[in-house]
1. From L179, L145, L152, grab the single residue that is closer than 25 Å to G125 by Cβ and open to solvent by 70 Å² or more (accessible area, probe 1.4 Å).
2. Which members of the stretch 300-311 meet the condition of being in contact with a Lys or Arg (Cβ under 9 Å, 6 or more places away or on another chain) and open to solvent by 30 Å² or more (accessible area, probe 1.4 Å)?
3. Which ones in the stretch 82-97 are open to solvent by less than 30 Å² (accessible area, probe 1.4 Å) and either at positive phi or modelled with pLDDT under 95 (or both)?
4. Is the stretch 107-120 home to any residue that is free of Cβ contacts under 8 Å to residues at least 60 places away in the same chain and not in a helix (DSSP H, G or I)?
5. So, in the stretch 266-283, of the ones that are open to solvent by 10 Å² or more (accessible area, probe 1.4 Å) and touching a Phe, Trp or Tyr at 6+ places or on another chain (Cβ under 8 Å), which residue ends up farthest from V295 (Cα to Cα)?
6. Within the stretch 245-256, count every residue that is open to solvent by 80 Å² or more (accessible area, probe 1.4 Å) and at pLDDT 85 or above.
7. Sort out which residues of the stretch 87-101 are without any contact (Cβ under 8 Å) to a residue 40 or more places away in the chain and in contact with a helix residue (DSSP H, G or I) (Cβ under 6 Å, 6 or more places away or on another chain), and write them in order of number.
8. May I ask you to list the residues in the stretch 142-175 that are in a helix (DSSP H, G or I), more than 19 Å from L91 (Cα to Cα) and of a type outside the set (S, T, Y)?
Amino acid sequence: MGFVLFHYTLFVLLGSIMASAACLSAYLVSRKRAMRYAFAGFLFYFFDVAWVFQDDFFTGADAGLGAAYAVVMSLVLVVTGGGFLTSFWLLVCDYLGEERRVLKVAPAVVFVAASVAVLALLPEGDLRSFLFYFPRELYLFWMLLFAGFRFLVTKDESGRNRLRRHRWLYVLLWALGLLIVAEDACVFLLPDPVLLGPRAYAPERNFAENALMLCCAFFACRDAFRVLSLRFERPPMHEGGRQEELIDDNLLLYGKRYRLSERECEVLRYVLVGKDNQNIASSMHLALSTVKVHVHNILQKTGQPNRQALVQDFWKTS
């Protein structure tokens, strides 16, 4: 059973870190706040799973914490749990256009306060374990209820249609959220969880929660790849800054690869920053017909059908 749990946990960790990396990449090229929040959320969840995973390898004595190890790890899980849930709550707020700061911060404060209160006020046992993880489900249900409420009260039909496109994901998240509660109840509250199989060997894990996060990771990666694909299909074309430095660094190599002349490389540079033929002619003090000939020759030598494909090929191969 340990062999299966080991590889299962690696799969969850891999899915979380891949989603985090994909969202970070999409954020760096698009500056969309939703991608930034998704990046943080999946990164927090990666550490949340990793710190549960470490219990399979050493104990409090190994860590040098003794009896305090359980308390420290519980507080760490409050941080990681609050981190990934709050990141996704901010993503929901961004998607719905919610700008009230109090509403953005309040759920995180309530989550931390409830989790710490359970640790401080209840004696150690299965009931405390169940109630310790229960604020996570409440946080999830709050997000779903808030999104559902906004869908019902909004009068903007375009906004409703935008939310309606995600109705199947919304239903799936509700179903998995209820399964999370049911799974924790079976493990922590039932007297003899003999029917749970491998779950009985890993009470800190919640397979329904992992499934929910992997589902979210799939949709996040899909959206991130769309952003990155659009960036490739429509590369940025403007003068100045880091982009021109990258063009200068790679232009000579690209020109040598396709045997472009020095003048053709100059013309190509202007094409890469988005200038049309007339602007290129004015900048280089050439006749418009001469620029058209140079552009035609560049396209022929590089084997590209048009300027957009030429720009894509430059950034792809440089």
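1. Just one listed residue meets the conditions, L179.
2. K301, Q308
3. If the condition is that a residue be open to solvent by less than 30 Å² (accessible area, probe 1.4 Å) and either at positive phi or modelled with pLDDT under 95 (or both), then C93, L96 are the ones that fit.
4. No, every residue in the stretch 107-120 fails to be free of Cβ contacts under 8 Å to residues at least 60 places away in the same chain and not in a helix (DSSP H, G or I).
5. Only one residue tops the list, namely S283.
6. 1
7. The one that is without any contact (Cβ under 8 Å) to a residue 40 or more places away in the chain and in contact with a helix residue (DSSP H, G or I) (Cβ under 6 Å, 6 or more places away or on another chain): C93.
8. Correct list: L152, V153, E157, A175.
The values are calculated or read from the model by the stated rules, or taken from the named source; none is laboratory data. Since we're looking at a predicted model, the values are computed, not measured. Because the Cβ atoms are built from the backbone with ideal geometry, glycine has one as well, and the counts that use them run over all protein chains shown. Heavy atoms of the whole protein, side chains included, go into the accessibility calculation; ligands, DNA and RNA do not. Shrake-Rupley method; radii C 1.70, N 1.55, O 1.52, S 1.80 Å.
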